[in-house]
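Okay, structure first, notes after.
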Amino acid sequence: MPVPKKRVGHSDQAHRRANWKAILSQVTNCPHCGVVNRPHCLCTNCGWYKGRVVSEKLHAHHEH
Ligand SMILES: [Zn+2]
């Protein structure tokens, strides 16, 4: 049975959670559609990233 080598103390957990929250609070606006996104991630609305549309799947066009 796996046993943790070192238990995480309450202060360690609190520090990790605080860091995580800080990362979540960082937001940027898409220069393409203006929607709020996480920085260094492609846009969740239009797929825009670093000056171009990376993912066109998000548009969900059905061409036959
Ligand atoms: Zn966008």
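Values quoted throughout were computed directly from the atomic coordinates according to the rules given, and no laboratory measurement underlies them. Just so you know, these numbers come straight off a predicted model, no measurement behind them. Here the Cβ positions follow ideal geometry from the backbone for every residue, glycine too, while neighbour counts run over all protein chains shown.
Percent relative contact order of the chain, based on C-alpha pairs within less than 8 angstrom and at least six residues apart?
15
How far is it, in nm, from the label point at Asn29 to the one at Ser11 when both lie 7 Å from their Cα along the line to the Cβ?
Between Asn29 and Ser11, the label points sit 4.1 nm apart.
Can you work out the FRET efficiency for the pair Ser55 and Ala22, with r the C-beta to C-beta distance and R0 = 22 Å, to the nearest 0.05?
Approximately 0.25, to the nearest 0.05.
Give the angle, between 0 and 90 degrees and rounded to the nearest 10, that separates the Cα long axis of helix 10-25 from the longest principal axis of the Cα atoms of the chain.
The angle comes out at about 10 degrees.
Exposure proxy check: Ser25, Ser55 ranked by fewest other beta carbons within 10 Å?
Ser25, Ser55
For Asn37, what residues show an amide H to amide H distance below 5 Å, using hydrogens built from the backbone and excluding near sequence neighbours?
Under 5 Å from the amide H of Asn37: Thr28, Asn29, Cys30.
Collect residues whose amide H, placed 1.01 Å from N in the peptide plane, falls under 5 Å from the amide H of Val54; neighbours closer than 5 in sequence don't count.
Under 5 Å from the amide H of Val54: Trp48, Tyr49.
Please compute one quarter of the surface area of the Cα convex hull for region 10-59 and express it in square nanometres.
With every direction weighted equally, the projected area is 4.0 nm².
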